[in-house]
Every structure is written in structure tokens, then in C-alpha cells.
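Q: Below is one structure. I have some questions about it.
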Amino acid sequence: MQGKLSRRDFLKLLKVGAVDLVLLMAGGGGWSFLVEPNWIKVEHVNLKLPRLAQVFSGIRIAQISDIHMGGWMNARRLQRVADLIVEQKPDLLLLTGDFLVGHIFDKNSESYLQDLVDILSPLAKSMPSFGILGNHDYWTNPGAVREMLKLAGIVELTNAVFTVSRGDANLHLCGVDDVWEGEVRLDDVIAKLSTDGAAILLSHEPNFADQSAAAGRFDLQVSGHSHGGQVVFPFYGPPILPYLGQKYHTGLYRVGKMFQYTNRGVGMIDPPVRFNCPPEITLFVLEPAYDA
């Protein structure tokens, strides 16, 4: 994450009420370090997509993002995330990048990748699972992350399309490479798409929604990257947001005719704090906007 508060921005924070300030000073530190990072919230998002065929009505799609194994996230915490995903009984699972954290790759990183394989493999066996890479995966070792996805049974969607069919109806799951560090080939993705059926795009960085919406072929883009800011001040919002994650940083947006959803992530980068921004598992329940 980048940036710092200006004097003007700091003055805006004074809009926070006296009660909030007292809570922030007295208990906010302990809450932000010890409580809220472990308070995983399942966000239920119901969407109607015009191009979704009736046969897919009620399909349940889970999304997690920004695991950042090797930082605050460990195997025990990730297993709890996996257990919560299973409890939601999704039909599909989408993982939108940043499996590792930092800028180095060493023997510890190899251990973190094995933890990811051990925990994500049972998920991929119980439901079709799809993933893309994020900027931290490129900063560490993209080849090793891709191998992890393969070993875990997760279909990588880098500049690719996977079509889920029910009878003659199709739902297209698409992905692009990391916008910050990778090589995005959106035209190639669109060329692989048939003209029928709803299309969901995985893009790690949410700001890419401006480009994907302009293409006119995607009904929903799902992203991560921003962590929601990790710290969100009442009446002000997140004071710090990352490059390519500032415009659509949290939750649901409408960009042109396309929905954009940004997941707050389950992991964190340093400092490992969350305030008014709990980690998130998203559960989408999709319906056709009309009988298709």
C-alpha cells in the first residue's frame, strides 16, 4: 500500500465522533491487531445478470483473495477460511491472486506454498476452483505459484477462458494476467469467448474494470488487491490504498453495464492490522435478470 495522510486529510479525520475517537485510542490497537483480523465476514451478494441462462439460476460462487501466506496468514488461519467456504456450499470457487506476500522467495516460501497446496487441494476436489496471479505473486515467484495452483487442482485463468455448461447454456469464467506486473491480453480473452452466455472476469486489480466494462462482454468482474484499505475511518474511509486499487476499493460497483466487486481479502500486508474492515469471503448468488 502507498501514500500518507496530508494535513488536510488529517483534519478530515476530526469528523470522527468523540465516541469513536475514545474507542480508537483506548481499545482500537488491541482490536485491530488481535480481534478484527480473525473476524472473517461472509458477504452475501445477490446479482441479476441479463445474459445468465435460466439453468444457472441460483448458482453459488465463492470468492477469496489476497491470502498472503507467509505474512500474518498461516496454515491454521487459512484452514479456518477453507472450512468457512465449505460451509457456504458454493458451486464454484474463485481465487483472485496474491497467494504469497513480499518481495523474496526462499525456503520458507516453499513451505508456505506447500501449506497452500495442502489446504486448497481439498477445496478444489469438492468444487471446481479457478485462480489468477496478483502482483505479490510476481514479486516473489510466479512460476512457483503457478505450479502450486496446478498441484492444488486449481484451474489458472491467466488470459484464459473456462466455460461451464449446463445443457446448451454456458457460463464463461475468464481471467487476465496481473495488471501491475503481468501481461494483460484482454483481446485474446474476448476472442476465446462465444457470443452466448454470461461472462465473469477475474482481475486482481479492481481499477481494470474501466477497461473490461468498455469491452462490453463481461457481466461481472471480481477483484481483490486493495484489502479494502485494511483501516477504514468512520466518515472518511481508507486513508491508504494501493496503486490500481483506489477507484473501486471495496464491495459492489456498477461500471457501465458491468458489475465490479472488490473483495477485502483474507490476509494482510504489514502492519497486520484491520480496523472497520474485516477479512472477507464473498458468496455470490446469481440469477438471470429475465427468463433466458
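Every read-out reported here was derived from the displayed coordinates using simple, explicitly stated rules and does not represent laboratory data. Bear in mind the structure is a predicted one, so any value in this text is a computation, not a measurement. All Cβ positions, glycine included, derive from the backbone under ideal geometry; neighbour counts span all protein chains shown.
Q: So how tilted is helix 142-152 from the main axis of the chain? Cα-based, degrees 0 to 90, rounded to 10.
A: Helix 142-152 sits roughly 60 degrees off the main axis of the chain.
Q: Using alpha carbons only, how many angstrom separate the centre of region 228-292 from the centre of region 53-123?
A: First find each Cα centre; the distance between them is then 17 Å.
Q: Pop the C-beta distance of Val86 and Ser57 into the FRET formula with R0 = 22 Å and round what comes out to the nearest 0.05.
A: Efficiency for this residue pair is about 0.45.
Q: Could you state the angle between the C-alpha long axis of helix 107-126 and the longest principal axis of the C-alpha atoms of the chain, as a value from 0 to 90 degrees rounded to the nearest 10?
A: The angle comes out near 50 degrees.
Q: Before rounding to the nearest 500, sum -39500 (n - 2.57) across all DSSP H runs of length at least 4 in the chain and divide by the residue total; then give [θ] at 222 nm in deg cm²/dmol.
A: The per-residue figure over the chain is -7500 deg cm²/dmol.
Q: Could you tell me the relative contact order of region 199-264? Use alpha-carbon pairs under 8 Å, at least six residues apart, and round to a whole percent.
A: 39
Q: Quick one: order His172, His204, His103 by neighbouring beta-carbon count within 10 Å, fewest to most.
A: So the residues, fewest neighbours to most, are His103, His172, His204.
Q: Taking volume of the Cα convex hull per residue in Å³ straight from the coordinates, which label in [x] 131; [y] 237; [z] 119 is the correct one?
A: Computing volume of the Cα convex hull per residue in Å³ and matching it to [x] 131; [y] 237; [z] 119 gives [x].
Q: Pick out, in residue order, every one of the chymotrypsin sites (Phe, Trp or Tyr not before Pro) in region 39-116 that is DSSP loop and has at most 13 other C-beta atoms within 10 Å; say none if there are none.
A: Sparse-neighbourhood loop chymotrypsin sites (Phe, Trp or Tyr not before Pro): Trp39.
Q: Here's something else I'd like to know. Taking Cα pairs under 8 Å and at least six residues apart, what relative contact order does region 165-292 come out at, in percent?
A: 21 percent.
Q: Gaussian network model of the chain, Cα springs within a sub-10 Å range: biggest mean-square fluctuation belongs to which of Arg77, Arg217, Arg264?
A: Among Arg77, Arg217, Arg264, the largest mean-square fluctuation in the Gaussian network model of the chain belongs to Arg77.
Q: A follow-up question, please. What share of the DSSP beta bridges in the chain is antiparallel, in percent to the nearest 5?
A: Of those bridges, close to 35 percent are antiparallel.
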